[in-house]
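Written out below as structure tokens is the structure these notes cover.
The values are calculated or read from the model by the stated rules, or taken from the named source; none is laboratory data. Treat the numbers as computed from the prediction; the structure is a model and nothing was measured. Don't worry about glycine lacking a Cβ; one is built from the backbone with ideal geometry, like all the others, and counts go over all protein chains shown.
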Amino acid sequence: MRKIFGFLIGTFVGGLVGGTIALLLAPKSGEELRGQIRQRGTGFFAEVKNAADARRLELEDELQRLRAPRIQLKD
């Protein structure tokens, strides 16, 4: 139990120290960084939507091809 408690305290303190250092060494202000993250997120979701739409069209075409009646030739 002591080892687990020590580990949790170490993790908590490490997170605090790491967060503090990250804030002090950040190259941009919080507002700039949030704007950049928001812009990247919007671009990422637009790319995912475009890829999903393209894949949906491909699958619909394939479904239509598979549903088309087949003509069998008799020997």
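For the reader, a short list of remarks on this structure follows.
Okay, residues lined up against (1) surrounded by 10 or more Cβ atoms within 10 Å (Cβ to Cβ); (2) touching a residue at least 12 places away in the same chain (Cβ under 8 Å); (3) of a type outside the set (S, T, N, Q):
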residue: Thr20; (1), (2), (3): yes, no, no
residue: Pro27; (1), (2), (3): no, no, yes
residue: Phe44; (1), (2), (3): yes, no, yes
residue: Lys49; (1), (2), (3): yes, no, yes
residue: Arg67; (1), (2), (3): no, no, yes
residue: Leu73; (1), (2), (3): no, no, yes
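- Phe45 being out of contact with any Asp or Glu (no Cβ under 7 Å at 6 or more places or on another chain), modelled with pLDDT of 90 or more and not β-branched (Val, Ile, Thr): yes
- Residues that are of a type in the set (Val, Ile, Thr) and part of a helix (DSSP H, G or I) within the stretch 46-75 comprise just one, Val48.
- Check on Glu62, surrounded by fewer than 10 Cβ atoms within 10 Å (Cβ to Cβ) and out of contact with any Gly (no Cβ under 8 Å at 6 or more places or on another chain): no
- Among the candidates Gln72, Gln39, the residue that is more than 23 Å from the chain's Cα centre (by Cα) and polar (S, T, N, Q) is uniquely Gln72.
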